[in-house]
Structures are given as structure tokens and as C-alpha cells.
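Notes for the one structure printed next.
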Amino acid sequence: LGGLGFGVLALPIARAASGFEYAAALRESLLGAVLGAGLLWSVGFVHARVSVALGREFEHWPGEGEAVPRPGQADYWLWFPGLGLGDVKLLAMIGAFVGPHGVLLTILAASLIGLAMGLVYAAITRSWNSPFGFGPAIAAGAGIALFLQSVPEAQRFLA
């Protein structure tokens, strides 16, 4: 959350110092943060709701002996199987720095990297049901997005 706050406050100031309009830079930073957090949170929320509707059970969600959360409970909105809110906050922070286009690039790259990581992990553990963290894939995807946003040829393609 500190990185998110820093990105939303400092990035527009830095961009304004280089000649970019401050209000536009702030709007881009906020939109990137909201888009990043919103997209990932939506995936977790829909996955949880569909899983419950289909009767799917997870050994770690909800906790043993606990009922599935209801709309009036915070866990209904904030606790999902397979996705931690740390991933949501991480992508919000990244969005504050890379903007909305960078968030979409980050998600695409992170998904491909996560797929590769999952296949390697499954091959090593010989298990298709072993969860692993998505945060490293998100971070690597952000690095790729930053690189692509800085390459003039890629900028023309992405525009």
C-alpha cells in the first residue's frame, strides 16, 4: 500500500517535471491503479462465486467447519480461493506506475509467465493440484511492461 501511495503521489509530480500535464499524469496513475486492482479482484470474486455455485470445495477455503461467506460478511468480498489480496494490491501499485496500458501488458505477460511457471512446477512436483504464488509472475510481467513502454518501436505498436 505504501508503494501504491508513493506511485499515485510521486509519479505525476515526476512526469509533470518532465513536461507532462500534472492532471493527466495523476488521472493515468489513478486509472492504472484502479484498473489493476479491479481486474484482478474481479477475477478472484467471480471465481469464488462460480466455484460456490458449482459446489466446488477447497481444502483451505472457507476454513474447516466454516460456512461459505454471505454478502453481508467481509469475507464474501475479500477472501477468495486461489487469489490473495496481496496480488491485488501489488497490481494496483504497478498500475500506479505503468498506467492503464501498462497494466494490461503486465496482466498479459504475467499470465504467460504464470502459465510457464505452473507447467514447470507441475512437472517438477508431478502434481496438477499444487498451488503456487502468482506475485513473482506479476512482478516479472511488470518488468516486461516497463521495458515495452520504453522501447520506441513497441510504443508505436502499442498505441
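The values are calculated or read from the model by the stated rules, or taken from the named source; none is laboratory data. Everything numeric here is computed off the predicted structure, so don't read it as measured data. For neighbour counting, all protein chains shown are included, and Cβ atoms are generated from backbone atoms with ideal geometry for every residue, glycine included. Surface areas here come from the heavy atoms of the whole protein model, side chains and all, with no ligands, DNA or RNA. Shrake-Rupley method; radii C 1.70, N 1.55, O 1.52, S 1.80 Å.
Relative contact order for the chain: 27 percent, from Cα pairs under 8 Å spaced at least 6 residues apart, divided by residue count.
Highest mean packing first, where packing is the average number of other Cβ atoms within 10 Å per residue, the peptides 90-98, 121-129 line up as 90-98, 121-129.
Result for the chain in a Gaussian network model with C-alpha springs under 10 Å: among 143, 32, 55, the largest mean-square fluctuation is at 55. Element breakdown for the chain at a 1.4 angstrom probe: carbon and sulfur atoms account for 69% of the accessible area.
Magnitude of the charge dipole for region 24-159, about its Cα centre and with charges confined to Cβ atoms of Lys, Arg (+1) and Asp, Glu (-1), is about 260 debye. Solvent-accessible surface of region 1-129, averaged per residue with a 1.4 angstrom probe and all protein chains in place: 61 square angstrom.
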